[in-house]
Amino acid sequence: METALVIAIVAAVVIWISWSAYKVVAGKSSGCSCTGSCNKGDCAELSESNDKK
Amino acid sequence: MQEFNIVTTDNGVTAGNGVVRNGSVKRDVSKKTITVAVAGNPNSGKTTVFNALTGARQHVGNYPGVTVEKKEGSCSHRGHKINLVDLPGTYSLTAFSVEEVVARNFIVDEHTDVVVDIVDSSNLERNLYLATQLVEMNVPLVLAFNMTDIVERRGTVFDIEKLSGFFNASIVPIVGTKGRGLGKLLDAIVDTVENPRVKDEHTVHYGDEVEEELDKIKPLLASEHSLGEKYGSRWLALKLLEQDKDILDKGHSQELIDAVAKSVQHLTKVTGDEPEILVADRRYGFISGACEEAVTNSVEIRHMRSDLVDKVILNRVLAIPIFAVLMYGVFKLTFMLGDPLMGLIESMFEWLSAFITGLWPIGAESAIKSLIVDGIIGGVGGVIVFVPNIMLLFFAIAILEDSGYMARAAFIMDRVMHKIGLHGKSFIPMLIGFGCSVPAIMGTRVLENRRSRLTTILVIPLMSCGARLPIYVLLIPAFFAAKWHGLVMWLMYVIGVVLAIFCAKLLRKTLFKGETMPFVMELPPYRVPTLRGVLIHMWGRSWMYLKKAGTILLGISIILWAATSYPKPDENTLAGLSAEQAQTTALRYSIAGRVGTAMEPAVKPLGFDYRIGTALIGALAAKEVFVAQMGIVYSLGESNESSQTLREKLASNYSSLQGFCIMLFCLISAPCMATLVICKRETGSWLWALFQFCGLTALAYLVTLVVYQVGSLIIT
């Protein structure tokens, strides 16, 4: 029972991480591991405004 | 009330009518035609003034040979017909852009009677750079100080007489949008033609070294009568020293070319800077001095105070040492104040681990317990404990940024960047790279030149990003005495910058050869940062760090825990082994252990074992994963009585040299996945991302190998 729960948790995490990685590679997310140096906090905003230029 | 006629030059014959604000219109009664070139920085209000003077109808065409717009119009004043030509907006008159060449050639070739430079007086120092170059050309000059209404509101006072003397030109305050002062501007134009000022070639002094070289070149220009007559020998000599391409291409004698090359070489050798930079420095010095003498008010006073501070901060000799000492101080503070707070959070996680472990019977094996204690607390907790150090570092950086010092850092590096074939503009994304490479690479879009941009993108990951911080904060205190903490951290950042500069130079010499364009870098005045502003900036960044720890790092920690825990060896294999041996065997048997063991021969020459090897693979997803993985590896199979911290465990397993090599490899090696993806997006090709990945990994391997092998020889 316990092992099944752990397998389910790990499988769910693998799917979630794979989906996140796919979104970054496909360009649907900036994937920014930003610590805020751009003063915007979230790079999606920066990416969007740059794309418009 | 101002009265003058407007004459359009659509076909060169027709005299049309136009109205300038409240002026009435008369027939053209000009006695003499005056050609006026209207120059100015972009956004200085040049076109507004031109339109106000010439009315709504102008002739628009192109300059011969180029598709740069040429606007002409005319008006009459005091019996003179004044033909105005609106030159392209430029910041300077060097030969770097078509606009600059067009503007300069028009002034020289078209026998302009007067040049009117429209100066945005609310941004005086930057706008006066063009004026200084016009002064150098020794043309009859009128400076129209535009937007004086804004300046008045600020309470700024110009000593027009003094400034007029400094620039050897008439100065007229105007407000282009309201038509204020335009009559006086036309008066000044006519006065300049009727009563020309005595020409003074030596308005700007470029320093003894440059002046000596100018004096050597000037006599050699005597043989080139036509050019000398057209441009003036001093100006021509100056442009040759500045290596102005347009002037260099005018076909000079071999003797002159050799003399110029010798002078350029001499100046570069003696001063350490190219003549172009020396001359630009002097121009700024001249402007700064002139403004200090003749401009006063509260805002300017703040600028003046900033200038005084900058005299020290941006001093040619002191600038880089001051920058280095400041950064050292920041890192030292990060450890000094951060470590006690870190200890508190560490104790909290230890308590939490003990509490969760206590929920199961003593010695009981449980996958859920291991997942929570070893995977989540060991992994994510290992990253979260560094939050105080990181918050402190962000606090210090926010103070440096908000005070205006970080803008100076880019300015300081401008000189270095020029030497490697990039300009200071490239250092701005690099500075962003200290936070995260992803926005830094996006920030390279400000670079117009593709070669400069690609070079900058490829070297940005060498700047120590925020994700490397937990690695440094974990390893430095584990392997070095407290007094060296700040210095080792500083060294890691410096190694990153030096390698970035080295790689950029290499790329510019090989793959991306070509010239760079200089630009004017603005320096905002210093300000006292507000506590609220600094706290907001600090919290914004710290929150992103926590958010990442709670999402992506949590997920990766769970996967790494599974990869490090499964499959498990059967009980027979572990029978008879000590606790430590059993832990090592179980680790080597797991997926991560097998991958680490397979790559051990490759990383062994660097001083790494299979555990570090697996952590380095995990770090490809995000650099902090290295810390999480080490936390998981060292908490798995650990006896419950062990009260050693991760740092203590690392210190007992590896030497200081190995610790330093781990940090070095993490600093230089392949960037995280997000950086590679953004590299592909910004360069438009996976090939560049692959080149970045392979190039940096190879460089990391090479540097770490040399450091470890040489270090081992020295230490033994």
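From the list B:Leu128, B:Leu84, which residue is touching a strand residue (DSSP E or B) at 6+ places or on another chain (Cβ under 8 Å) and either at pLDDT below 85 or not in a strand (DSSP E or B) (or both)?
B:Leu128
Hey, among the residues in the stretch B:459-476 that are modelled with pLDDT of 80 or more and in contact with a Gly (Cβ under 7 Å, 6 or more places away or on another chain), which one's farthest from the other protein chains (Cβ to nearest Cβ)?
B:Leu475
Residue by residue through the stretch B:526-552, note down the ones that are hydroxyl-bearing (Ser, Thr, Tyr), over 22 Å from the mean Cα position of the chain (by Cα) and more than 9 Å from chain A (Cβ to nearest Cβ).
The one that is hydroxyl-bearing (Ser, Thr, Tyr), over 22 Å from the mean Cα position of the chain (by Cα) and more than 9 Å from chain A (Cβ to nearest Cβ): B:Thr530.
Among all residue pairs at least 6 apart or on different chains, which show Cβ distances below 6 Å where the first residue, located in the stretch A:1-23, is farther than 30 Å from B:Ile678 by Cα and the second is among the β-branched types (Val, Ile, Thr)?
That search, which allows pairs on different chains as well, returns A:Glu2/B:Ile368.
One residue is enough: does the stretch B:674-690 have a residue meeting the conditions closer than 18 Å to B:Gly613 by Cβ, away from chain A (no Cβ under 14 Å) and out of contact with any strand residue (DSSP E or B) (no Cβ under 6 Å at 6 or more places or on another chain)?
no
How many of the residues making up the stretch B:240-299 are assigned to a loop (DSSP other than H, G, I, E, B), surrounded by fewer than 20 Cβ atoms within 10 Å (Cβ to Cβ) and within 26 Å of the chain's Cα centre (by Cα)?
Total meeting the criteria: 4.
Could you list, in sequence order, all residues of the stretch B:534-550 that are crowded, with 19+ Cβ neighbours inside 10 Å and closer than 16 Å to B:Arg468 by Cα?
B:Arg541, B:Ser542, B:Met544, B:Tyr545, B:Lys548, B:Ala549
Please determine, by comparing only the residues of the stretch B:55-81 that are modelled with pLDDT of 85 or more and of a type in the set (S, T, N, Q), which one is nearest to B:Gly181 (Cα to Cα).
Ranking the candidates gives B:Ser76 first.
Quick one: which helices (runs of 4 or more DSSP H) sit completely within the stretch B:371-434 and have at least 3 residues that are within 11 Å of chain A (Cβ to nearest Cβ) and within 17 Å of B:Leu546 (Cβ to Cβ)?
B:387-403
Which one of these is of a type outside the set (Phe, Trp, Tyr) and either crowded, with 20+ Cβ neighbours inside 10 Å or in contact with a Cys (Cβ under 9 Å, 6 or more places away or on another chain) (or both): B:Leu491, B:Leu475?
B:Leu475
Conditions (1) within 14 Å of chain A (Cβ to nearest Cβ); (2) within 49 Å of the chain's Cα centre (by Cα); (3) not aliphatic (A, V, I, L, M), marked per residue:
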position	(1), (2), (3)
B:Leu554	yes, yes, no
B:Ala563	yes, yes, no
B:Ala586	no, no, no
B:Ser590	yes, yes, yes
B:Gly607	no, yes, yes
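Quick check on B:Lys262: is it at pLDDT 85 or above and not hydroxyl-bearing (Ser, Thr, Tyr)?
yes
Determine which member of the set B:Ser590, B:Ser565, B:Ser643, B:Ser557 is at pLDDT below 80 and out of contact with any strand residue (DSSP E or B) (no Cβ under 7 Å at 6 or more places or on another chain).
Going through B:Ser590, B:Ser565, B:Ser643, B:Ser557 in turn, just one is at pLDDT below 80 and out of contact with any strand residue (DSSP E or B) (no Cβ under 7 Å at 6 or more places or on another chain): B:Ser643.
Among the residues of the stretch B:562-569, is any buried (at least 20 other Cβ atoms within 10 Å of the Cβ), within 30 Å of B:Leu400 (Cβ to Cβ) and of a type outside the set (Val, Ile, Thr)?
No, that holds for no residue.
Do we find a residue being assigned to a loop (DSSP other than H, G, I, E, B) and closer than 24 Å to B:Gly176 by Cα anywhere in the stretch B:133-142?
yes
Quick one: how many residues across the stretch B:221-239 are part of a helix (DSSP H, G or I), crowded, with 16+ Cβ neighbours inside 10 Å and not aliphatic (A, V, I, L, M)?
6
I'd like the residue in the stretch B:119-168 that is touching a residue at least 40 places away in the same chain (Cβ under 8 Å) and acidic (Asp, Glu) and, out of all such residues, is surrounded by the fewest Cβ atoms within 10 Å (Cβ to Cβ).
B:Asp159
The values are calculated or read from the model by the stated rules, or taken from the named source; none is laboratory data. Note that the structure is predicted; figures quoted are calculated from it, not measured. Positions of Cβ are backbone-derived with ideal geometry, glycine not excepted, and every protein chain shown enters the neighbour counts.
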